[in-house]
Each structure stands twice: as C-alpha cells, then as structure tokens.
Amino acid sequence: MKHISTLEARNHFAECLNQTAYGKKRLILTRRGKDFAALVPIEDLKLLEEAEDLYDLKLALKAMKQADPKKRVSLRALAKDLKISLS
C-alpha cells in the first residue's frame, strides 16, 4: 500500500480518489509520519463489512451454544419487560 501525507492528499485529492476508485489502489494517509486514515476502493469496504458480519455471526453462534437454554427469553417477553413495542 502506498503511504501519502494528508497534505499531499489534500493537494492531489482528485488524483487520490481516482487511484482508489478506478485504479483499485489502497492509500494510507499519514499525519506527522504516522498512519492516520485510509482510502480504499468501495469493493474493499464491502468485503470488510461482510467479514465483520461473518465474525459477528460466529460470535453470536458461540454465545448461543454457551447459553443455558433454561435461561433464554423470547423477544416478545423481553420487549414486554422493557415496555417496548415490536411493531
């Protein structure tokens, strides 16, 4: 991945966006020599979000396996206890 200062990115913003959007390049923006933020193609962001969703699902399934079935509460019962509507 290419590193570029935030000042340089600001001065060449359109070029940075084009490199990312059309050239599919990832750019690391630096400030005072330290990584600060990143510009990534939208496809990469979508893949990251999918990976996060899969990881969250994995954690949820693990938690469900560890949960005591006798202590589970239905969504309707929880909503009633919290006095909120499901509709």
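The values are calculated or read from the model by the stated rules, or taken from the named source; none is laboratory data. Computed from a predicted model, the values in this text were never measured in an experiment. Every residue, glycine as well, gets a Cβ built from its backbone with ideal geometry; the counts of neighbours run over all protein chains shown.
Can you tell me which of (1) in contact with a Leu (Cβ under 7 Å, 6 or more places away or on another chain); (2) at pLDDT below 95 is the one F36 doesn't meet?
The one condition F36 does not meet is (2).
Looking only at region 35-71, count every residue that is of a type in the set (K, R) and surrounded by 10 or more Cβ atoms within 10 Å (Cβ to Cβ) and tell me the total.
Of the residues in that region, 3 qualify.
Pull up region 1-20, narrow it to residues that are among the aliphatic types (A, V, I, L, M) and at pLDDT 95 or above, then point me to the one that is nearest to the chain's Cα centre (by Cα).
Checked region 1-20; the qualifying residue nearest to the chain's Cα centre (by Cα) is L17.
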